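To keep things clear, I will list the structure first and then write my remarks on it.
All of the numbers you see were taken from the coordinates with simple rules; none came from a lab. If you're wondering where the values come from, they're calculated on a predicted model, not measured in any experiment. Every residue, glycine as well, gets a Cβ built from its backbone with ideal geometry; the counts of neighbours run over all protein chains shown.
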Amino acid sequence: MEHIDKSRIVGLLNQILEQELAGVVRYTHYSLLVFGYNRIPIVAWLRSQADESLQHAHEAGEMITLLGEHPSLKIGSLLESHNHDIGAILRESLEAEALALDLYRQLLSAVEGRSVTLEEYARKMIYTEEMHASEVDKMLRKPGEISAFSEFKPA
């Protein structure tokens, strides 16, 4: 890892850590605001997303300490739209996932060909985030619709 821009990589990893921690708060908050007939499976899904975001935060923090640096204690920005219908929650989730995906792609670009460990980590996370965004996109479609809800396009 001697040929990486360590300060840039740690900066990206700290941004990822902060974004993922914001995801924990966001998904937990959303899970408290779901009402109606489909509440139970939607709440379970949102809480599983909070757990996944926490796992991603742990992994980013481990990468930071692997590099001998200090993980951020900050949390990414949180949007409170006060619009709590399921569609709005999912659209906000898709926007947040796009931000995280962009950070992972920046990380991959910065480490590609320079560190197998960081490159594989970034690739794994891009795959995971793209799959998650695809699931949210499918959830936003009306039953029977095949075409994508958003302009999400995996790289």
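With contacts taken as Cα pairs under 8 Å at a separation of at least 6 residues, region 62-155 carries a relative contact order of 24 percent. Dipole size of region 13-119 about its Cα centre, with +1 on Lys/Arg Cβ and -1 on Asp/Glu Cβ: approximately 240 debye, rounded to the nearest 20. Geometric descriptor of the chain, per residue, is 105 Å³ (volume of the convex hull of the Cα atoms). Pairs of Lys residues in the chain are counted when their Cα atoms are under 30 angstrom apart and they lie 8 or more places apart or on different chains; the count is 10. Toward the positive end of the charge dipole of region 6-140, with +1 on the Cβ of Lys and Arg and -1 on the Cβ of Asp and Glu, the farthest Cα among Asn14, Thr117, Ile40 is that of Asn14.
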